[in-house]
Amino acid sequence: MPKVFTSETQKIGQLGEDICCRYLQGKGFEIIERNYTRKWGEIDIIARKQGVTHFVEVKSQSVRDILVVSRDGYRAEDQMHPQKIVRLSRTINTYLLEMDVRNEWQFDVAVVLLEMEGKRAKVELLENIIL
């Protein structure tokens, strides 16, 4: 049963993940799984490209204008605090063991800027981040 998102923040996050999936597919990625969840954490998107498994954390942010982004010093990717990284690392390792993944893998962060009024989005993929 799919998750039901009720808060505005959850809706923005879900929209950002949907847009990110379309972006990745357009770049040649195959989406393997979404919202892989265990008690200790969740991986937003698991994708594969050229034999490499990508674990993608999506950070979405609503902005007034994606072309003139003044984020007032706030960057969505800054929400990758140490506790979040530990949970992600543990969840990735769980997935690798459960699915017996033996190929190369990497961790990526996708920043999705959403201009809700103009219905535009911009995706920036920060690749191969060390956990």
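Read-outs throughout are calculated quantities, based only on the coordinates presented, and are distinct from any laboratory measurement. All values derive from a computational prediction rather than experimental measurement. Note that each Cβ is placed from the backbone with ideal geometry, even for glycine, and that neighbours are counted across all protein chains shown.
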Along each principal axis, Cα extent of the chain, largest first, Å: 43, 32, 30
Degrees, to the nearest 10: 8-26 long Cα axis against longest axis of the chain: 70 degrees
Above-threshold pairs, the threshold being 23 Å between Cα atoms, out of Lys39/Lys122; Lys84/Lys119; Lys39/Lys59; Lys27/Lys59; Lys11/Lys59: Lys39/Lys122; Lys84/Lys119
Mean Cβ count within 10 Å, highest first, over the residues of peptides 47-57, 106-116: 106-116, 47-57
Helix-only CD estimate at 222 nm, as mean residue ellipticity for the chain, using -39500 (n - 2.57) per DSSP H run (n ≥ 4): -9500 deg cm²/dmol
Spin-label pair Asn93/Arg48, simplified geometry with 7 Å Cα→Cβ offset, distance in nm: 2.4 nm
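Pairs of Cα atoms under 8 Å, at least six residues apart: use those to get the relative contact order of region 89-131, whole percent.
Numbers: 39 pairs, mean separation 15.5, N = 43.
Averaging sequence separation for qualifying contacts and normalising by length gives 36 percent for region 89-131.
Which FRET efficiency value, to the nearest 0.05, is calculated for Glu115 and Gln10 with the Förster distance at 25 angstrom and r the Cβ-Cβ distance? It would help to have the intermediate numbers written out before the result.
On the way: r = 19 Å, r/R0 = 0.75.
That gives a FRET efficiency of 0.85.
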